[in-house]
Structures are given as C-alpha cells and as structure tokens.
Amino acid sequence: MLSLVVVVLAAIATGFIVWANDKRHGRYGVALPVGVSTAVAALSWIAFISAGLGYQPGFTWIPWVLPIVIGTAAAAAVVVYFGRTRTKHDTEALTRALRL
C-alpha cells in the first residue's frame, strides 16, 4: 500500500507540473491533468500489482516507476488535445460573437 500512496502523490505532483508548463493552461482547469495523471497512475499500479509484478525479483521497480511515467504521459496527451481543441472552439465562438 505504501507504493500506491507514493505513486498517487507523485502522479499528483506531475499533473501539476504538466499543467504549469502548458502555455494554454488557462483554457482548462487545473484538475484535468492532475485527475488524469492520478487516475491513470492508480489504475496502472493496480494492474501491475494484480499481474504480480510487484513481488517478482527484478521487477519490483515496475509498480513504483511505470505508473508515474504512464500517468505523466497521459496527462501531457490530454493537455495537448484539450488545449488545442478548446483554443480552436474558443476562437470560433469569439469570431461568431464579433460578427454580430
């Protein structure tokens, strides 16, 4: 259980880092990358532990490191997608409003 707590706290931290480094972070809330990073990291930790990788010699690092990396990558992908999509929709809405 300690490894889950460490993974979740590290995923929360990386979610905040991903949010802070995005230049479009004003387009979506801070909870989006943090939530995605945490959820993906926790679910991947559960999958790795269920697969028995946490108790095999030589594989004990997998439930500690890979969920954090996977969660960070998922948060970055969501931020890139929603940042671009939201900017595009906001620009279209502003253009429509200015044409009135």
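The values are calculated or read from the model by the stated rules, or taken from the named source; none is laboratory data. Source: prediction; values computed, not measured. Counting neighbours? That spans all protein chains shown, and the Cβs are built from the backbone with ideal geometry, glycine included. For accessibility, only protein heavy atoms count, side chains too; no ligands or nucleic acids. Shrake-Rupley method; radii C 1.70, N 1.55, O 1.52, S 1.80 Å.
For this structure, a couple of remarks:
- Between LEU2 and PHE59, the contour length at 0.36 nm per residue exceeds the alpha carbon distance by 18.8 nm.
- A convex hull fitted around the alpha carbon atoms of the chain yields 83 Å³ per residue.
- Note on SER50: accessible area is roughly 100 Å² with a 1.4 Å probe, heavy atoms of protein only.
- Label separation (ARG99 vs ARG24): 2.1 nm, computed from points 7 Å beyond Cα along the C-beta direction.
- Protein heavy-atom accessible surface, 1.4 Å probe, per residue over the chain: 63 Å².
- Global dimensions of segment 1-43 from alpha-carbon coordinates: Rg and Dmax equal 10.9, 36 Å.
- Considering only alpha-carbon pairs that sit under 8 angstrom and 6 or more positions apart, the relative contact order computed for the chain is 34 percent.
- Surface composition of the chain: carbon plus sulfur atoms contribute 72% of the solvent-accessible area (1.4 Å probe, protein chains only, all chains present).
- The long axis of helix 31-50 is offset from the longest Cα principal axis of the chain by roughly 20 degrees.
- Low-density loop positions, chymotrypsin sites (Phe, Trp or Tyr not before Pro), the chain - DSSP coil, at most 15 other Cβ in 10 Å: PHE59, TRP61
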